[in-house]
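First up is the structure itself, then whatever we jot down about it.
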Amino acid sequence: MAVESPVKVPVLDYEKEMKRWNHVYKILSEGDPKIEHSPRQLVWRKNKTTLWHYAAEEKKYSTPLFFVYSLLNKPYILDISPDTSVIKGLTKRGYDVYLLDWGEPGPEDADISFDTYILDYLEKGVKRALRHSGAEDISVVGYCLGGTIASIFASITDLPIKNLVVATVPIDYSVGIAPDKWLEGLQKGELSVDRFVDVYGTVPPEWVNVMFRSLAPVNVSPYVGLLTRAHDSRYVDKWRRMDKWLNDVTPFAGAAFKQMFGDLMKDNKLAKGELVIGGKHADLSNIDCSFLAISSANDSLIAEGQSLPVMDLISSEDKTYKLVEAGHVSLALSGMFAPIVDEWLCERSGKIGE
Amino acid sequence: MAKEKYDPYKGFRELTGLWEKQMNSMLLGWSDNNEFIKYSSRRMENYSRYLELVKKNQEAMANLMNIPTKSDVKNVAKLTIQAEEKIDALEEQIWNLQDTFTEVNKGNMEFFAELVEISKQLKSELDKNVKELREAKKVKADLQKLRKELSDASELKAEFQVLRQELAEVNNVKAELQELKQELGQDQNQSKQTEKAQEKKELELAGAGK
């Protein structure tokens, strides 16, 4: 009779190791993965901005969704893979989805400010979407800085916005994840980006990336995470898509960049109700449509304290706040965003045949 | 012995995670002071000034060599954007016109529909009137017939009147005849009585003679 040894000797899984290192080799040797979009149709194009329409697989709701993404990254994170695509998740659930892709500003776009983005691109885009869909009203969904832009837009527009959804949205810049002295220096005017931006005109993507990296200078965990789970093909595929997106930062139009640092971060004008866009007072208390704010508990870019004050600033009677167990990007990447939005919107969207 | 698969990366991942967190905390902690802010600001200013100088020199050199620079391309691109904006504005104007036309057409269609409806109503009214007229004509003919019949009846009535008169006259004649008859009867009776009386008288006379 064999006697079981009290000491458990771990055994190396060679098959798993082979898979792992094959995948690592593949990542190192191959180029970026190709991101395939859900079926979409071009509705409108102006300068670098494009308005896409993703038709519902089986249309259930007459109120379409209009996505406004951040100016700092590319919006394909919302449609990054067929399994977890936010947009596909919503078209599958019966919504017509419109996505405003800001595009990549070039040197000629240095003068584009938030005023231009909101009034000449966003408002016109929403008008086009309304005309294209033939709908009477629309639901606007803003993600990250896109949520800030969507909130400003909703506070000044006369267009029929039925519902406003904002996710991981920075509204109050008196708090943040950056060290206190950085914020203090910015607020006191000791740290100004104006001259730097003026020299470049349009801030190059490398500098935008530096801005992100400065908040977490040491960033090895994604690579260690990849090495740990490199044997899992699905994880590797997801990781590659995510990595491509993270490094695919967009340039930032100079005037808008200065406005973001000056009006929003330094003077915190939006939270104070002092922001003026195109001569109109962007007071968040003008927002009275149904409102949903989603924050991520593990967000490493936007602190919950930056989003939460919006609930008191708006005057909507129907307002909901949700804190979900996710990160800033994983909220969109994991596929959980679509069901959360659908759960809230289905009761608040016009239904076909009603 | 159950073979437990060994994962050499699990511990490594946990360790690097901790190390990364600590390193980031340390670096952000080091930079969380006014000196760092002032230093960064100064560095950024110097860098910007340096870039400005480079750009200025580039522009000057390119100008001397008659070579278009990035800012020239930028200006041309801006013109294209302006043209695009104008087209966009025109497109919106066309929308407005389209909307106006649609509204006008809708109004016209409503007006025409109303006209058609009124025409239909008029036609049905006309048909009804024609029918009524036909009926009225029929009634008129009937009336004329009645009138004729009535005049005939009047004539008949007159004839009746005449007849009645004649009848009355006949009655009168009859009454006279009755009276005459009566008178005749009386006369006859009288003559009978007279005859009887005369006969009696004659008889009496004849008896007396015997």
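Does A:Thr148 fit the bill of being out of contact with any strand residue (DSSP E or B) (no Cβ under 8 Å at 6 or more places or on another chain), modelled with pLDDT of 95 or more and more than 12 Å from chain B (Cβ to nearest Cβ)? For A:Thr148, the condition - out of contact with any strand residue (DSSP E or B) (no Cβ under 8 Å at 6 or more places or on another chain), modelled with pLDDT of 95 or more and more than 12 Å from chain B (Cβ to nearest Cβ) - is not met.
A residue that is more than 11 Å from chain B (Cβ to nearest Cβ), of a type outside the set (Gly, Ala, Ser), open to solvent by 40 Å² or more (accessible area, probe 1.4 Å) and more than 15 Å from A:Leu71 (Cβ to Cβ) can be found somewhere in the stretch A:167-184. Considering only residues in the stretch A:118-145 that are more than 14 Å from every other protein chain (Cβ to nearest Cβ) and not aliphatic (A, V, I, L, M), the one that is nearest to A:Glu206 (Cα to Cα) turns out to be A:Cys144. Checked against the criterion of being over 25 Å from A:Trp245 (Cβ atoms), charged (D, E, K, R) and touching a helix residue (DSSP H, G or I) at 6+ places or on another chain (Cβ under 7 Å), the candidates A:Asp111, A:Asp137 yield just one match: A:Asp111. Residues in the stretch A:341-352 that are under 21 Å from A:Ile77 (Cβ atoms) and open to solvent by less than 20 Å² (accessible area, probe 1.4 Å): A:Val341, A:Trp344, A:Leu345.
Here the condition is being at the interface with chain A (Cβ under 10 Å from one of its Cβ atoms), assigned to a helix (DSSP H, G or I) and open to solvent by less than 90 Å² (accessible area, probe 1.4 Å); of B:Tyr9, B:Tyr50, it holds for B:Tyr9 alone. Condition first: facing chain A (nearest Cβ under 8 Å) and closer than 20 Å to A:Phe196 by Cα. Can you find one or more residues in the stretch B:74-96 that meet it? Yes, there is a match, as at least one residue in the stretch B:74-96 is facing chain A (nearest Cβ under 8 Å) and closer than 20 Å to A:Phe196 by Cα.
Of the conditions (1) surrounded by fewer than 17 Cβ atoms within 10 Å (Cβ to Cβ); (2) part of a strand (DSSP E or B); (3) in contact with an Asp or Glu (Cβ under 7 Å, 6 or more places away or on another chain), A:Ser295 fails just one. Which one is it? Only one criterion is unmet by A:Ser295, namely (1). The number of residues in the stretch B:12-41 that are open to solvent by 100 Å² or more (accessible area, probe 1.4 Å) and more than 7 Å from chain A (Cβ to nearest Cβ) comes to 9. All conditions but one from (1) within 19 Å of the chain's Cα centre (by Cα); (2) over 19 Å from A:Tyr95 (Cβ atoms); (3) open to solvent by less than 10 Å² (accessible area, probe 1.4 Å) apply to A:Val141; the one that does not is (2). Residues that are touching a His at 6+ places or on another chain (Cβ under 8 Å) and at pLDDT below 85 do occur in the stretch A:23-37, at least one of them. Against the definition (open to solvent by 10 Å² or more (accessible area, probe 1.4 Å), of a type outside the set (Phe, Trp, Tyr) and within 14 Å of chain B (Cβ to nearest Cβ)), how does A:Asn73 come out, yes or no? So A:Asn73 does not fit the description; no. Only one of the numbered conditions (1) open to solvent by 50 Å² or more (accessible area, probe 1.4 Å); (2) closer than 24 Å to A:Ile112 by Cα; (3) of a type in the set (Phe, Trp, Tyr) is violated by A:Phe261, and that is (1). When B:Met44, B:Met1 are screened for being among the hydrophobic types (A, V, I, L, M, F, W, C), surrounded by 11 or more Cβ atoms within 10 Å (Cβ to Cβ) and modelled with pLDDT of 90 or more, only B:Met44 passes. Reported count of residues in the stretch A:185-219, each being more than 27 Å from B:Asn34 (Cα to Cα) and open to solvent by 50 Å² or more (accessible area, probe 1.4 Å), is 0. Where helices (runs of 4 or more DSSP H) fall entirely within the stretch A:199-286, those with at least 3 residues that are within 14 Å of another protein chain (Cβ to nearest Cβ), within 20 Å of B:Lys21 (Cα to Cα) and not charged (D, E, K, R) are at A:205-213, A:221-228.
Against the test of being under 25 Å from A:Phe337 (Cα atoms) and not β-branched (Val, Ile, Thr), the options A:Ser133, A:Ser113 yield a single qualifying residue, A:Ser133. Give me the residue from the stretch B:53-73 that is within 11 Å of chain A (Cβ to nearest Cβ), of a type in the set (A, V, I, L, M, F, W, C) and farther than 25 Å from A:Lys48 by Cβ and, out of that set, most open to solvent (accessible area, probe 1.4 Å). Result: B:Leu53.
The values are calculated or read from the model by the stated rules, or taken from the named source; none is laboratory data. If you're wondering where the values come from, they're calculated on a predicted model, not measured in any experiment. Here Cβ is always computed from backbone atoms with ideal geometry, including for glycine, and neighbour counts include all displayed protein chains. For accessibility, only protein heavy atoms count, side chains too; no ligands or nucleic acids. Shrake-Rupley method; radii C 1.70, N 1.55, O 1.52, S 1.80 Å.
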